[in-house]
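Each remark here refers to the structure printed beneath this line.
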Amino acid sequence: MLRPNILLTGTPGVGKTTLGKELASRSGLKYVNVGDLAREGQLYDGYDEEYDCPILDEDRVVDELESQMSEGGVIVDYHGCDFFPERWFHIVFVLKTDNSVLYKRLETRGYNEKKLKDNIQCEIFQILYEEALASYSEEIVHQLPSNKPEDLEDNINQIMKWIEEWIKDHSS
């Protein structure tokens, strides 16, 4: 059975991982957190002292995911999206969170002041939404609110309906 590939993207702290894991659990699709994948496979290209984090080797990540993506049925979670091949995804969801909510979430993670400020600005200017629109066909890019538990449930239900429709439309 054909199954869709879904990209969940957005600023760190918007709820991609929570949504992705719950979606995978309910849909039977495979969940891939690119940060975890990179950590496990050491898919890095140096270290960024300013942001206090490793630099992702995007080419190695793409190589690592290629066969899974061509099989289908994968939910990919990452805060960037412009390096993934366009052909990989059937739909892209960009999660959006109010700045006050996001600030608290990132503060709880212990982000340094620069990282906190830059991520909030990224959200204010909708950088990742713009990146998604520039990287994928506009009709497959959708923004979803991610501020409170009710949003999570609404988003899961909406995406589950989309998955069911997609599978129905693509079965022989």
Rounded to whole Å², per residue accessible area for the chain with a 1.4 Å probe reads 54
Rounded to the nearest percent, how much of the accessible area of the chain (1.4 Å probe, protein heavy atoms only) is carbon and sulfur? 47
With x for Gly and Pro, the residue-by-residue ³J(HN,Hα) of the range 158-169, computed from phi through the Karplus equation 6.51 cos²θ - 1.76 cosθ + 1.60 at θ = phi - 60° and given in whole Hz, is 5, 6, 4, 4, 4, 4, 4, 4, 4, 5, 4, 5
Reported to two decimal places, what Rg/Rh ratio describes the range 1-96 when computed on Cα atoms with Rh from the Kirkwood expression? 0.96
Lysines near Lys115 by alpha-carbon distance under 22 Å, same-chain residues fewer than 8 away left out - which ones? Lys16, Lys96, Lys104
Residue by residue, what Karplus-based ³J(HN,Hα) values in Hz, rounded to whole numbers, does the range 23-30 have, using 6.51, -1.76 and 1.60 with θ = phi - 60° and x for Gly and Pro? 4, 4, 4, 7, 9, x, 6, 8
Just to be sure I understand: of the beta bridges DSSP finds with both ends in the chain, what percent are antiparallel, rounded to 5? 15
Per the Kirkwood treatment, what hydrodynamic radius in Å, one decimal, follows for the chain from the mean inverse distance over all distinct Cα pairs? 16.6
Pop out the ³J(HN,Hα) list for the range 141-157 in order, Karplus 6.51 cos²θ - 1.76 cosθ + 1.60 with θ = phi - 60°, rounded to Hz; leave Gly and Pro as x. 9, 10, 9, 10, x, 9, 10, 9, x, 5, 4, 4, 5, 4, 5, 4, 4
Amide H contacts under 5 Å for Tyr31, placed H, 5+ residues apart: Ile75
Alpha carbon centre of the range 65-89 versus the range 134-172: separation in Å? 15
Return a whole-number percent for the relative contact order of the chain, with Cα pairs under 8 Å and 6 or more residues apart as the contact set. 35
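The values are calculated or read from the model by the stated rules, or taken from the named source; none is laboratory data. Every value quoted in this text rests on a predicted model; they were computed, and no experiment measured them. Ligands, DNA and RNA are stripped out before the accessible areas are found, and what is left, the full protein with its side chains, is counted by its heavy atoms. Shrake-Rupley method; radii C 1.70, N 1.55, O 1.52, S 1.80 Å.
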